[in-house]
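So the structure is just underneath, and the comments pick up after that.
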């Protein structure tokens, strides 16, 4: 499957108004997901990014399309995990902290994007 | 008459030397012209680095406008003569991904290796010019490559306390391990200027605003340890 196909899949999957790749805009949640998250979590959010499938990770990344697992986390958990890394959630330290790379607005949008990927709501 | 006999050969030798010198000057390769002719089609020689996702996807090869800060000249000369892949996922991994059964993998047939293959003289001239492309604000002399450090501590930092190993392939002893979305670091010590490694870890987005390497705050000691560890990978 080529990159253009991945974008179509992702768009169909989440029914989101943002398409990847976007026309020259940096920082949409879909772009950010592909740029920062997909290397480990996969371009389709399955947890099967290239670093995982190449055998580079000692702990498998979370599947963001697994509604059962994702619904165990609150939106605040997701925010914390993205901003401060896996350690902040007592999960794998292979998940980096992105809080010095992405703005809090970027992270909020990524949380919304993750909820669209899993088609689930977070633990209240 | 004696003086003239002595002067004549001296003048002749002097003239020959002048001619040889002039010919050598004409024949000396212009590294700047060479780089612009052979490398500019793929590499950005002037900057700035892409600041949008779309720009990132369009990048064909690593930026070279700070090559003199980033690389070691000795490595450049060797690599320009015989380029080998450094980035197992290409310059931007998303451009080389295929998905099969929900699993991403890199389509190796889409990766292109630099075709520079310069001869020795060309490589020397090109490296000379690349070494002039520096980032004036980068601090130099920060890292002492000869400084002793604890390899186990460095390894623990690289693989456990920080997520470097998730994206970079590294070699510890005989074991090669790690992810592939970042540049291969197994021979980084031969390739990279330690001061640049230190600066890159400190602020990846300064060098490349859209890089997928996270900025992680850490102490000077930890950053120095990481830099020394990476410098030892040869």
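Bear in mind that the values in this text are calculations on the coordinates, not laboratory data. From a predicted model like this one, the values you see are computed outputs, not experimental measurements. FYI the Cβ positions are ideal-geometry reconstructions off the backbone, even for glycines, and counts take in every protein chain you see.
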Per-residue mean of C-beta atoms belonging to partner chains within 10 Å, peptide A:91-99: 5
Mean separation of Cα contacts under 8 Å, 6 or more apart, over the residue count of chain B: relative contact order %: 22
Packing-based exposure ordering (other Cβ within 10 Å, fewest first) of A:37, B:39, B:167, B:114: B:114, B:39, A:37, B:167
Distance from the range B:172-211 to the range B:105-160 (C-alpha centre basis), Å: 8
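Rounded, prolate or oblate, given the Cα gyration tensor of the range B:29-134, with a/c below 1.5 counting as rounded? Each step should come with its number before you reach the end.
On the way: a/c = 2.63, a/b = 1.74, b/c = 1.51.
Since a/c reaches 1.5 and a/b is larger than b/c, the shape of the range B:29-134 is classed as prolate.
Among B:105, B:175, B:156, which comes first, then next, by fewest other beta-carbon atoms within 10 Å? Spell out each step's value before the answer.
Details: B:105 17, B:175 7, B:156 14.
Ordered by Cβ neighbours within 10 Å, fewest first: B:175, B:156, B:105.
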Max mean-square fluctuation residue, GNM over chain B, Cα-Cα springs under 10 Å, options B:180, B:97, B:143: B:97
Candidates B:121, B:54, B:36, ranked by Gaussian network fluctuation over chain B, Cα under 10 Å, top entry: B:54
Shape of the range A:44-89, Cα gyration tensor, a/c cut at 1.5: oblate
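Which shape class applies to chain B: rounded if a/c is under 1.5, otherwise prolate when a/b exceeds b/c and oblate if not, where a ≥ b ≥ c are the square roots of the Cα gyration tensor eigenvalues?
Values: a/c = 2.61, a/b = 1.86, b/c = 1.41.
Prolate, since a/c reaches 1.5 and a/b exceeds b/c.
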Segments A:113-120, B:135-142 sorted - mean Cβ within 10 Å per residue, highest first: A:113-120, B:135-142
Relative exposure of A:74, B:74, B:181, judged by other C-beta atoms within 10 Å (fewest first): B:74, A:74, B:181
Neighbouring partner chain Cβ atoms per residue of B:214-220, average, 10 Å criterion: 4
With Cα atoms, 0 to 90° folded angle of helix B:120-130 axis to chain B main axis: 70
Shielding by partners - mean other protein chain Cβ count within 10 Å, residues of A:34-44: 6
